[in-house]
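Engineer: Just passing along the structure, written as structure tokens.
The values are calculated or read from the model by the stated rules, or taken from the named source; none is laboratory data. From a predicted model like this one, the values you see are computed outputs, not experimental measurements. Here the Cβ positions follow ideal geometry from the backbone for every residue, glycine too, while neighbour counts run over all protein chains shown.
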Amino acid sequence: MARLKPDSLDDVIHGRIRLGVMAYLAQTGQASFAELARALETTNGNLSVHLKKLEAAGYVEIDKRFVESKPLTTAVMTKAGGEAWRAYLDALGVLFRGEG
Amino acid sequence: MNEQDTTDPHADLAFVRAMTERAAKAPLLGGRYLVFWSGLLAVAYTAHYLLASGLAGSTSFIPYVWLAFGVTGGAGMALLSRGMDRRVEREVWRGAGLGIFLFAGGVVAAVALRGAPMIMFDIIASVALALYGAALLATSAASGESWVRAPAWTAFAAAAITPLLAGTAVLYLYLAAVVVVIGVAPGLRLLRAEPPGLGDDEAR
């Protein structure tokens, strides 16, 4: 299978966990930290690192609050995140066309 | 595919598809709202029925029932502000709630300012049930939870029956039963479907 140099792919999104977060949030809009960790089958620490990268890029917003005395962290895809996600998918499509 | 600078686009695409499918199957999280609002409505409707039918107190207490409903609802929503509904659900329910609120406001204004007949208050329930049914249908379509269509169509049927009972005290007993069937029961089912610990983000 072809291994392509993804120069046009957004480095912030490109990576298994961050790609998974963006794909998930593109569908739901927002999700709790626990929900994302479960869906991605990753550890809390690993997810936290990647969420911070996405937050730093402005692709997600992290909302932290207490609900019923328990901490609840929610990741919300931003408008910029949605645009970056669509651009990423477009770039992925270019890779496919270039491969063919 | 790891955190690397080359990729297998086929693997990327398969992973994106898998995550999208997981997200589409994510559990609905509106159960607590349904249980709270429907339970509160059932209590308010029952109290309204008891007062309107003369089985308890007097009809002069009815406005206080709905005042208490509004105050309790506002306080409850502040406590329940979990903010976890899906985008489509959130917009649909927000729109339905706003529509019901504005219609009720219009009825209050019509009665207070133009002396419109009091029976118009009974029609609020019909409009609310119709909007509620539409919101449930949208939720069903967005989530793929086909069983949600049953309470949706029940709400439509109840909306059609409501005008037939308008002006009678028994309407409110009927509405109390309806909201238990189309609100409390599905709400409890959604609550049971929530994975344990959802919302906890331990070790952060």
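Engineer: From the set of residues in region A:15-30 that are within 14 Å of A:GLY81 (Cβ to Cβ) and outside any helix (DSSP H, G or I), which is farthest from the other protein chains (Cβ to nearest Cβ)?
Structural biologist: A:GLN30
Engineer: Another question, then. How do the pairs read when you match residues in region A:71-88 that are over 14 Å from A:LYS53 (Cα atoms) with residues anywhere that are in a helix (DSSP H, G or I), using Cβ under 6 Å and keeping only pairs 6 or more apart or on different chains?
Structural biologist: Qualifying pairs under 6 Å: A:THR73/A:PHE33; A:TRP85/A:MET22; A:TRP85/A:ALA26.
Engineer: Considering only residues that are aliphatic (A, V, I, L, M), touching a residue at least 24 places away in the same chain (Cβ under 8 Å) and assigned to a loop (DSSP other than H, G, I, E, B), which ones fall in region B:28-69?
Structural biologist: Matches in region B:28-69: B:LEU28, B:LEU29.
Engineer: Another question, if that's okay. If you go through region A:54-77, how many residues are outside any strand (DSSP E or B) and within 10 Å of chain B (Cβ to nearest Cβ)?
Structural biologist: Here is the first cut: in region A:54-77, the ones outside any strand (DSSP E or B) are A:54-59, A:68-69.
When the remaining residues are screened for being within 10 Å of chain B (Cβ to nearest Cβ), the result is A:68.
So the answer is 1.
Engineer: Quick one: in region B:9-39, of everything that is at pLDDT below 70 and at the interface with chain A (Cβ under 7 Å from one of its Cβ atoms), which residue is nearest to the chain's Cα centre (by Cα)?
Structural biologist: Only one residue tops the list, namely B:ALA26.
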